[in-house]
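*Asks:* What follows is a structure written as structure tokens; I'll ask about it next.
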Amino acid sequence: QVQLVESGGGLVQPGGSPRLSCTASGSIVNIYAVGWYRRAPGKLRELVAAINNEGTTNYNDSGKGRFTISRDNTKNTVYLQMNSLEPEDTAVYYCAVNRNLWSIRRGGEFWGQGTQVTVSS
């Protein structure tokens with residue numbers, strides 16, 4: 001069983017740049033693809049960024065140019081650096097793992113509990 005724990009959420013002012021962390025139990029981040037999803041109120045869950053074990057990254061339109069996903073295998077942690085946040089970025093952010101980038105686009109095999117990010121002045 002894989003356990004994922006997200007952190008770094010909270011109340012952020014518009015234009016802010018928080019960094020979310022996803023720490024996994026066991027040495028899995030170097031053999032799995034990890035994705036950051038978000039679910040905003042009244043909207044469907046969307047994958048905003050993903051990274052595989054080779055460091056290849058994918059972003060959706062919401063994340064491209066503003067978000068950066070990275071990983072530190074020594075800490076079993078994947079990060080999501082978010083910049084220039086807008087109120088529309090308010091959501092619960094989840095990290096998930098799956099076998100590869102193709103699979104992570106379809107969902108996670110394991111999920112974290114989520115961390116709330118609220119963008120408001």
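The values are calculated or read from the model by the stated rules, or taken from the named source; none is laboratory data. Treat the numbers as computed from the prediction; the structure is a model and nothing was measured. Neighbour counts are summed over all protein chains in view; Cβ atoms, including those assigned to glycine, are modelled from backbone coordinates with ideal geometry. The protein model used for the area step is the full one, side chains on, heavy atoms only, and it has no ligands, DNA or RNA in it. Shrake-Rupley method; radii C 1.70, N 1.55, O 1.52, S 1.80 Å.
*Asks:* What spacing in nm lies between the two simple spin-label points modelled at D72 and T57, each 7 Å away from Cα in the Cβ direction?
*Replies:* 1.6
*Asks:* Could you work out what % of the accessible surface of the chain is carbon and sulfur, using a 1.4 angstrom probe and leaving DNA, RNA and ligands out of the count?
*Replies:* Of all accessible area on the chain, carbon and sulfur atoms account for 45 percent.
*Asks:* Here's another thing I want to ask about it. Solvent-accessible area per residue for the chain at a 1.4 Å probe radius, Å²?
*Replies:* Here the residues of the chain average 50 Å² of exposed surface.
*Asks:* Work out how much length Q116 to A40 would gain on full extension: take 0.36 nm times their residue separation and subtract the Cα-Cα distance, in nm to one decimal.
*Replies:* Using 0.36 nm per residue and subtracting the Cα-Cα distance, I get 26.4 nm.
*Asks:* Mind checking the dipole of the chain: about its Cα centre, +1 per Lys or Arg Cβ, -1 per Asp or Glu Cβ, Debye to the nearest 20?
*Replies:* 160
*Asks:* State the answer as a single residue: which of P87, V97, S121 lies farthest towards the positive end of the charge dipole of the chain, with beta carbon charges of +1 for Lys and Arg and -1 for Asp and Glu, about the Cα centre.
*Replies:* Looking along the dipole axis, the top candidate is V97.
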